[in-house]
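Peer 1: Please read through the structure below; I'll follow up with questions.
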Amino acid sequence: MNSQKMQQLVEQELLSSYDSLYRLAYTYVKNESDAMDIVQESSYKAIKNSSSVKNAAFIKTWLWRIVINTSLEVLRKNQREVSFDAAKEQGKEDIYLDFDTIDALDILNEKERAVIVLRYFEERKLQEIADVLEENLNTTKSILYRSLGKLRIKLTEGELSHES
C-alpha cells in the first residue's frame, strides 16, 4: 500500500477514534487540556510516521501505543516541572465520572494502567490489548488480574475507612 493511502487511513482512524484516544490520554494526565494536547501531538506523530505502518489492520493499536507513549512523556515532563497534584484541573467534568476509580489507577504501573483502561474504560478485547502492549495474551491476562487485585485492595481501603 502506498504511503499516501496509508496516511489517509491513519487520518480516518484518528477522526473516528478521537474520543477514545482523548479518554485514554485523560486517564494518564487527569487534565482536560493536557489530554487534548496529547491527542493532538499523537495525531501529528501518527500522520508524520504513517508510512511506517505496514498493515492497515494494525492502525488502531498503533495509534493507542502512540497515545500511551505520548501520555507517559507528558507525565515525565510535568513531574519535573510541578508536583502532579498541583497540576490537576478543577474545571469541566469529564466523561469518566467515578473519580475514586480514576484516582486508584495511580497505584498501577504504566502497563497495568494501560491494560485496565483499555479493557474496562474502552472495552477492548484482550488480544487487542496484548497487541498494543506488544505482549503475549497470557502475559496480558496476568497483568489484568494482578491489576484488578491491586485496585480492589485500594478501593476497599477507602470504604473501610469511611465505615469506621
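The values are calculated or read from the model by the stated rules, or taken from the named source; none is laboratory data. Predicted model only: the values in this text are computed from it and were never measured. Heads up, the Cβs are rebuilt from the backbone with ideal geometry, glycines too, and the neighbour counts pull from every protein chain shown.
Peer 1: Just name the residue that is farthest from ASN109 (Cα to Cα) out of those in the stretch 23-40 that are surrounded by fewer than 18 Cβ atoms within 10 Å (Cβ to Cβ) and not small (Gly, Ala, Ser). Spell out the reasoning first.
Peer 2: Step one: filter the stretch 23-40 for residues surrounded by fewer than 18 Cβ atoms within 10 Å (Cβ to Cβ), giving 32-33, 36-37, 40.
Keeping just the survivors that are not small (Gly, Ala, Ser) gives 32, 36-37, 40.
Working: GLU32: 22, MET36: 22, ASP37: 22, GLN40: 24 Å.
Taking the candidates together, the pick is GLN40.
Peer 1: Out of the stretch 129-148, which residues are touching a Leu at 6+ places or on another chain (Cβ under 9 Å), buried (at least 16 other Cβ atoms within 10 Å of the Cβ) and of a type outside the set (Val, Ile, Thr)?
Peer 2: ALA130, LEU133, LEU144, SER147
Peer 1: Further, regarding this structure: Only one of SER20, SER71, SER16, SER51 is outside the structural domain of ILE129 (by TED's automatic domain parsing) and either touching an Asp or Glu at 6+ places or on another chain (Cβ under 6 Å) or not in a helix (DSSP H, G or I) (or both). Can you tell me which? Give the steps one after another, and end with the answer.
Peer 2: Details: SER71 fails: either touching an Asp or Glu at 6+ places or on another chain (Cβ under 6 Å) or not in a helix (DSSP H, G or I) (or both); SER16 fails: either touching an Asp or Glu at 6+ places or on another chain (Cβ under 6 Å) or not in a helix (DSSP H, G or I) (or both); SER51 fails: either touching an Asp or Glu at 6+ places or on another chain (Cβ under 6 Å) or not in a helix (DSSP H, G or I) (or both).
Criteria check complete, one pass: SER20.
Peer 1: For residues in the stretch 87-122 being among the acidic types (Asp, Glu), in a helix (DSSP H, G or I) and more than 12 Å from the chain's Cα centre (by Cα), which is modelled with the lowest pLDDT?
Peer 2: Only one residue tops the list, namely ASP100.
Peer 1: Give the residue, chosen from LEU151, LEU155, that is of a type in the set (A, V, I, L, M), within 25 Å of ASP19 (Cβ to Cβ) and either surrounded by fewer than 16 Cβ atoms within 10 Å (Cβ to Cβ) or over 14 Å from the mean Cα position of the chain (by Cα) (or both). Show your work before the answer.
Peer 2: Working: LEU155 fails: within 25 Å of ASP19 (Cβ to Cβ).
Just one listed residue meets the conditions, LEU151.
Peer 1: ARG152: over 30 Å from GLN4 (Cα atoms), basic (Lys, Arg) and modelled with pLDDT under 85, yes or no? First the steps, then the outcome.
Peer 2: Working: over 30 Å from GLN4 (Cα atoms): yes; basic (Lys, Arg): yes; modelled with pLDDT under 85: no.
In short, no.
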